[in-house]
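A short write-up of the structure that comes next.
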Amino acid sequence: MSSESPAIPPKAESSAIPPQAEAPAAPPKPKTGRVLLVICVLAIGAAGLAFFGITDRAKSRQEVTAWTDAQTVPTVRIVRPEHGPTEQELVLPGNVAAFNTGSLFARASGYIAAWHKDIGAHVAKDEVLATISAPDLDQQLEQARAQLVQLQAAVQQAQANSELGNATNQRTSQLVVQGWQSKQQGDNDRLNAAAQSAALAVAKGNVVAQQAAVKRLEELTAFEQIKAPFDGVVTARNVDIGDLVNAGGNTGRALFQVADVHRMRIYVQVPQAFLAELAPGVKATLHLPGEKETFEAQLVSTSNAVTETSRTSLVELQADNPDNKLWPGAFAEVHFHIPADPNTLTVPLTALFFGAKGMEVAALDADDKVTMKPVVVGRNFGNKVQIESGLELADRLVDSPLESTQTGDKVNVATNPDPNMVARDLKAAPNKPPSL
């Protein structure tokens with residue numbers, strides 16, 4: 001036997017595989033140089049991206065830092081001092097009163113027989129407004145006049161008796177000297193003549209007294225006619241026909257009130273701070289509610305006294321009233337025109353700052369740095385304040401400075417908006433803030 005193994009023939013299945021089912025050939029291996037090139041390109045790209053990313057982030061951080069620093073510098077709006085007006089206007093409430101006012105009461109007791117003038121009537125001096133019927137007073141006058149006639153007759157009788165006594169005394173005195181009459185008879189006739197002369201004097205005195213009584217009653221009966229005390233307008237009538245009035249009343253409602261309105265008085269309570277500037281001759285303008293027309297007035301006098309409770313003083317102005325458009329008792333807004341120094345500077349009230357040194361303003365230098373300046377404040381005009389010292393006309397002031405504002409602070413000055421742009425924005429969207 002042979003030691004070699006017999007040859008094993010191939011399996012039938014292997015020989016049965018078709019040619020198209022055979023495994024594909026492996027791709028050829030790339031070249032080593034090309035692979036290295038691709039790797040280098042990718043590495044360079046990654047390095048570039050990392051470099052640009054780091055650089056961009058650093059730049060962003062710088063921008064954020066710069067923006068943050070910029071936000072710490074406040075943006076402010078500036079205002080400038082202005083020259084004050086040539087005259088200062090002071091507005092105060094006032095009360096209009098008639099130049100003269102008469103309240104008429106009864107001086108004779110009786111009943112109102114008639115009234116002739118109603119409210120609103122223009123009357124002249126001594127024109128009859130009403131008539132009082134006082135029969136008792138009329139009878140007293142007639143009686144007094146009759147008594148006066150009697151007393152005048154008594155004077156005539158006493159005059160005759162006095163003349164007779166004097167004549168008798170003269171004759172008797174001559175006869176006594178001649179011895180034809182006794183001294184007793186002479187003394188009787190002399191004393192009788194003196195008594196008759198005294199009786200004549202008493203009679204004359206009674207006549208004078210009675211004449212005064214008659215004059216008094218005549219004056220009282222003249223009060224039966226209530227007359228206007230001056231030219232004016234009847235502003236009140238509180239009587240009617242048949243009303244009983246009593247003489248001597250001066251309280252309660254007057255029968256009539258008459259006002260002289262050809263010229264009006266205006267009374268104003270002025271604060272003490274303005275009294276030094278309100279001297280007689282200062283002009284003023286009156287504004288009345290519901291009246292489009294204004295009226296010119298002039299200060300004529302002051303009370304020269306200050307009320308302790310209100311620290312005000314009463315001043316009086318006068319205004320002509322030719323058309324009777326000013327009525328007594330009306331309220332008026334009085335605009336005083338006080339002369340002022342035009343060289344005095346004024347600033348908005350919002351520019352003031354009360355600091356450690358008192359009232360100050362924040363002024364800006366050429367580099368927009370703050371310099372705190374103490375100022376002396378004068379008169380307050382409402383939205384503006386007078387500055388007596390501490391400022392110049394060219395100063396730039398921070399409007400509404402913060403409490404932390406100090407000298408040396410850097411600020412940004414806001415650009416004032418264009419008026420045309422503001423008007424356009426307001427017209428397009430009234431509720432939207434204007435563009436700055």
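The values are calculated or read from the model by the stated rules, or taken from the named source; none is laboratory data. Keep in mind that this is a model prediction, so the values were computed, not measured. Note that each Cβ is placed from the backbone with ideal geometry, even for glycine, and that neighbours are counted across all protein chains shown.
Could you tell me whether Q174 is part of a helix (DSSP H, G or I) and free of Cβ contacts under 8 Å to residues at least 12 places away in the same chain?
Judged against the criteria, Q174 is a match.
Within the stretch 353-367, residues that are under 19 Å from D395 (Cα atoms) reach partners that are modelled with pLDDT of 80 or more and of a type in the set (K, R) with beta carbons closer than 9 Å, at six or more positions or on different chains, in the pairs E360/K373; V361/K373; A362/K373; A363/K373; A363/R396; L364/R396; D365/R396; D367/K410. Selection within the stretch 85-107: residues that are part of a loop (DSSP other than H, G, I, E, B), modelled with pLDDT of 75 or more and not basic (K, R). The member of this set that is farthest from D341 (Cα to Cα) is A106. Can you tell me how many residues in the stretch 224-255 are of a type outside the set (D, E) and either within 33 Å of the chain's Cα centre (by Cα) or more than 16 Å from V128 (Cβ to Cβ) (or both)? The total comes to 19.
Of all the numbered requirements in (1) surrounded by fewer than 19 Cβ atoms within 10 Å (Cβ to Cβ); (2) touching a helix residue (DSSP H, G or I) at 6+ places or on another chain (Cβ under 6 Å); (3) touching a residue at least 40 places away in the same chain (Cβ under 8 Å), S313 misses one, and that requirement is (1).
Only one of the numbered conditions (1) touching an Asp or Glu at 6+ places or on another chain (Cβ under 6 Å); (2) polar (S, T, N, Q); (3) without any contact (Cβ under 8 Å) to a residue 12 or more places away in the chain is violated by T350, and that is (3).
Return yes when A305 is loosely packed, with under 12 Cβ neighbours inside 10 Å, under 26 Å from the mean Cα position of the chain (by Cα) and modelled with pLDDT of 85 or more and no when it is not.
On the way: loosely packed, with under 12 Cβ neighbours inside 10 Å: yes; under 26 Å from the mean Cα position of the chain (by Cα): yes; modelled with pLDDT of 85 or more: yes.
Yes, satisfied.
Checked against (1) in a loop (DSSP other than H, G, I, E, B); (2) under 17 Å from Y267 (Cα atoms), A366 meets all criteria but (2).
Within the stretch 212-250, the set of residues being in a loop (DSSP other than H, G, I, E, B), acidic (D, E) and either modelled with pLDDT under 90 or surrounded by fewer than 18 Cβ atoms within 10 Å (Cβ to Cβ) (or both) comprises D231, D240, D243.
For the stretch 370-402, filtered to residues that are under 28 Å from the mean Cα position of the chain (by Cα) and not in a strand (DSSP E or B), the residue that is surrounded by the most Cβ atoms within 10 Å (Cβ to Cβ) is F381.
If you take just the strands (runs of 3 or more DSSP E) that sit entirely in the stretch 320-363, which of them hold at least 3 residues that are out of contact with any Pro (no Cβ under 7 Å at 6 or more places or on another chain)? Please lay out each step first, then the result.
On the way: elements: 331-339, 345-348, 352-355.
It comes to 331-339, 352-355.
As for the stretch 330-347, it holds no residue that is surrounded by fewer than 16 Cβ atoms within 10 Å (Cβ to Cβ) and among the aliphatic types (A, V, I, L, M). Would you please name the residue that is farthest from V155 (Cα to Cα), looking only at residues in the stretch 169-211 that are exposed (fewer than 15 other Cβ atoms within 10 Å of the Cβ) and of a type in the set (V, I, T)? Of everything passing the filter in the stretch 169-211, V177 is farthest from V155 (Cα to Cα).
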